[in-house]
Amino acid sequence: MQLEVTLTQNLGLKMTQEMQQSLQVLQMSAVELQACLAEKVSENPLLNIEYQDYQAGFKKMEKMVLVKNQSVSSSPPKYKNEDYIDAQRPLEQDIVDIEKYLMEQIPFNNDLSATERKMLLYCINNLNESGYLDISLEDVAGKFDAAIESAEGALQLLQTFEPVGIGARNLKECLLIQVSQSYSKCSLPYQIVDLYLDDLAEGALKKIAGFCGKPKTEIQDAVDYIRSLKPKPLQQIVHQAVEYIIPDIIVNELGEEWIVSVNRRHIPTISINEYYSQMIKECDPQTKEYLQANLKDASILIQGLEQRDKTLYRLARLLVEVQGEFFEKGMTALKPMRLKDAAELLEVHESTISRAIKNKYIQTPCGIFGIQTLFTKGLLNAEGEIDSTFHIKARIKEIIQSENSKKPYSDQNLVALLNKENIKISRRTVAKYREEMMISNSTKRIRYS
């Protein structure tokens, strides 16, 4: 046996503690960064944190919920200063205790027995997030060793409560409960929901008109009413809290120039405590080791914050240069741009750009947008230029909005119209974009009145 010794070289990148900290800080939104800094300060005695006056409500800010990947405002006032923050708030106060809200609706003159009251409460506790009953009446009756008629009575009582449709066991029952508030069982809306709900879902109004022996205009009016009903009654009274969105980058127009700034107004200032840093020179070895470790962590954190600001600023300047028309006209003027393109121009890794835009927002004269929405793909047109998918979707929507509702455009018609505008696109892609915008096909868009 012959033994040989060989040498090989491998080129690799070792992730240092400094790099890990910088990447973690970079991908945090303003709200997440506030919480992170507060936690770091509580753990590291060498860190000082300084809040400005408008950051007094910091603990409340930690509970903020960001709205993801959508513009908050489509037509806000132009020329906003750094004090401006777009916000969305629920129109109604959240109803947190659904059980209490529903049980309070029991009529005073309804003398429920203890078992009936328990069955009603059991039904309420088994409503799903839409307000539908998730268990069978047999399960309700069996739970309390009661007759099925008693369970039916409890459910019927529940179905008289607000919001209308609560306690239904399926979509049809939910809609029928709502229709019954305004129409009799012999009415056209009730019959359509009861007998032809599947055809209604398919938009087959002509077929329903044939079954009912009614003019298509009457069917259309009845269908319009049915579509105004609430398929998920519980969602009418329970709202997800939506709070302030804090923009990470602010772009303002000054004369003919764009002024870019990284928004640090809601991020506290972090510094190193001079008292403890001086103590390192005088303390015992064990304490010195502890303080030196914390000093290193503090320095790495501060460097990470500085690197975050630098990366966000460079990215914002690039967006202003590449997407100049977007900052003037809004999303309709957005050009196709990939993360890879930005990474190459800034000479960084694509993952760095991905982290930099995650859960972050940019404030412009046209509104506040998720930075991720500014990176969009495109399609090559007949002139050899690239149209953004946002622009193409906007054109599809505009064409559909202007169509003859009695003869709506098919997807193939839309392809032909877009081709006339030098937009090369397939029918399959048109269908995909239409579905992403939640626009029905041509059959379901037909209107007879």
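One table, with the values for the structure above:
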item	result
Sole residue being more than 19 Å from L26 (Cα to Cα), in a strand (DSSP E or B) and at pLDDT below 90, chosen from E253, E328	E253
Residue pairs meeting the criteria (Cβ under 8 Å; at least 6 apart or on separate chains; first without any contact (Cβ under 8 Å) to a residue 40 or more places away in the chain and more than 12 Å from G131 (Cβ to Cβ), in the range 161-180; second outside any loop (DSSP other than H, G, I, E, B) and hydroxyl-bearing (S, T, Y))	L176/Y190; S180/Y190
Residues within the range 421-434 that are at pLDDT 90 or above and over 16 Å from F390 (Cβ atoms), tallied	4
Count of the range 256-277 residues which are at pLDDT 85 or above, within 22 Å of N48 (Cα to Cα) and of a type in the set (S, T, N, Q)	4
Qualifying helices (runs of 4 or more DSSP H) (wholly inside the range 104-162; at least 2 residues being closer than 19 Å to L234 by Cβ, in contact with a helix residue (DSSP H, G or I) (Cβ under 8 Å, 6 or more places away or on another chain) and not aromatic (F, W, Y))	114-125, 148-158
Scan of the range 163-189 for residues that are closer than 18 Å to L121 by Cα and open to solvent by less than 30 Å² (accessible area, probe 1.4 Å), ordered by number	P163, G165, I166, G167, A168
Residue within the range 146-162 that is open to solvent by less than 30 Å² (accessible area, probe 1.4 Å), more than 30 Å from L254 (Cα to Cα), at pLDDT 90 or above and not aliphatic (A, V, I, L, M) present	yes
Residues that are over 26 Å from the mean Cα position of the chain (by Cα) and of a type in the set (D, E, K, R), drawn from the range 305-340	E306, K310, R314, R317, E321
Selection within the range 256-295 - within 15 Å of L46 (Cβ to Cβ), in a helix (DSSP H, G or I) and among the polar types (S, T, N, Q)	S277, Q278, T287, Q292, N294
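The values are calculated or read from the model by the stated rules, or taken from the named source; none is laboratory data. Note that the structure is a prediction, hence the values are computed from the model and not measured. In this analysis, Cβ positions are derived from the backbone assuming ideal geometry, glycine residues included, and neighbour counts consider all displayed protein chains. Accessible surface is based on the protein model in full, side chains and every heavy atom, while ligands, DNA and RNA are left aside. Shrake-Rupley method; radii C 1.70, N 1.55, O 1.52, S 1.80 Å.
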